[in-house]
Structures are given as C-alpha cells and as structure tokens.
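Each remark here refers to the structure printed beneath this line.
Laboratory data are not the source of any read-out in this text; all were calculated from the coordinates shown. What you see is a predicted model, and the numbers here were worked out from it, not measured in a lab. Cβ sites come from the backbone with ideal geometry, for glycine too, and all protein chains shown count toward neighbours.
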Amino acid sequence: MFAAQKISQDDKPTLYRELCSQLQGLLQGEGDVIANAANASALIFEQVPDLNWAGFYFLKTPEELVLGPFQGKPACVRIAVGKGVCGAAVARRATVLVEDVYAFPGHIFCDGGSRSELVVPLIHEGRVLGVLDLDSPTTGRFDAVDQAGFERIAQIYIATCDWTSV
Ligand code: SME
C-alpha cells in the first residue's frame, strides 16, 4: 500500500519538490495511462492545498478532449480543441494560467465554485496527448511557482506512461 507522507505546505518549492518525489515513487514501474492518471489526481488532490478539482482530459481525436481520471465534482465530458481553458492549452501547446476565470473569455464552468485555473498540456514526442487541469476556489491561487511545479508533475506522468498503445 502507498501511504503518502503529509507534505508541509509552508513553502511552494518544498511542496512541489516533495510532491514530484512522491509521484515518481507512486507511478514507478507502472505504464498504464489511466491508472497513472487516477493515482496522480488522487495524490495531487490530497497534497496540494486550495484545489476543488484536479484531473486529466485526453485528446481522443485531433478535435476533442475527453474526460479522464480526476478528483472533485463531476465534470464536462467533452471539450473541443480551442474551447475553454483546456482547449486553449491544447491549441496553444502551452500552459494556460487563469487568475480569474470570469476574465477568461469562453471559460467552461464545470464546477461553479472554481475561481482560478491552471492547465498544462501533456506533450510527448511532439504530440499533444491531453491536459492536466487544476481548479481552485480562490481567485489568483496559481502563480509561476505552481505553473513550474505542475509542469514537472505532468512531465513525470508523461515519462512514466507507455503511450505506444494510445
Ligand atoms: N474549466 C475548464 C473545463 C474543465 S473543468 O474545469 C474540470 C475549461 O474552461 O476548459
């Protein structure tokens, strides 16, 4: 059984360093894309403060993201590329940090409690495979340190998974 050690939330660099190390240990030796996304969401949701949603969407066709494993309230299943924050991250092939979801044109409300959002695209060998999506009930919750931290987390997830069968 994997028992996550409680991580100190006092400073963000330490939080992300320890979270990355725990994620590496948790996913080690397992290549299944869905199982690893499920465990990664659970670990993130348990360890990172002030989140109301943490999870994955996968690019099932070149035009559409489909909901994957997550923690939080039930969410929208399909998001077109270019739509919402998730679709924007795929179209731009870059992380999108939204300090205030009300100020982001086209933001898709899955959980009415969300106030800020961070979406990291999952890119493997030049191909966008999906996104890692984090929502917070606090406006301005995410900054550059969170972005760098979650980009490392996404990288660990991508590197551990076997994408040949996807
Ligand atoms: N807010 C996202 C939709 C997904 S939920 O936040 C889980 C968006 O605008 O793409």
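Filtering the range 60-95 to residues that are under 18 Å from residue 34 (Cβ atoms), out of contact with any strand residue (DSSP E or B) (no Cβ under 8 Å at 6 or more places or on another chain) and not in a strand (DSSP E or B) leaves only 74.
Among the residues making up the range 38-59, those that are within 16 Å of the ligand (Cβ to nearest atom) and assigned to a helix (DSSP H, G or I) are 38, 40, 41, 42, 44, 45.
Each residue in the range 105-118 was checked for being touching a strand residue (DSSP E or B) at 6+ places or on another chain (Cβ under 7 Å) and more than 7 Å from the ligand (Cβ to nearest atom), and 3 pass.
For the range 96-139, residues that are outside any loop (DSSP other than H, G, I, E, B) and of a type in the set (D, E, K, R) total 4. Among the residues of the range 145-152, some residue qualifies, meaning at least one is surrounded by fewer than 18 Cβ atoms within 10 Å (Cβ to Cβ), more than 16 Å from the ligand (Cβ to nearest atom), within 20 Å of residue 37 (Cβ to Cβ) and touching a residue at least 60 places away in the same chain (Cβ under 8 Å). Considered as a group, the residues in the range 106-126 that are on the phi < 0 side of the Ramachandran plot and free of Cβ contacts under 8 Å to residues at least 12 places away in the same chain include one that is surrounded by the most Cβ atoms within 10 Å (Cβ to Cβ), and that residue is 109. Residues of the range 22-36 include none that is surrounded by 13 or more Cβ atoms within 10 Å (Cβ to Cβ), within 15 Å of the ligand (Cβ to nearest atom) and either under 13 Å from the mean Cα position of the chain (by Cα) or among the hydroxyl-bearing types (Ser, Thr, Tyr) (or both).
Tell me, which residue of the range 68-96 that is among the β-branched types (Val, Ile, Thr) and more than 14 Å from the chain's Cα centre (by Cα) is nearest to the ligand (Cβ to nearest atom)? Break it down stepwise before answering.
First, the residues of the range 68-96 that are among the β-branched types (Val, Ile, Thr): 77, 79, 81, 85, 90, 95-96.
The next check asks that each one be more than 14 Å from the chain's Cα centre (by Cα); those that pass are 77, 79, 81.
Numbers: 77: 10, 79: 5, 81: 11 Å.
In this case the residue turns out to be 79.
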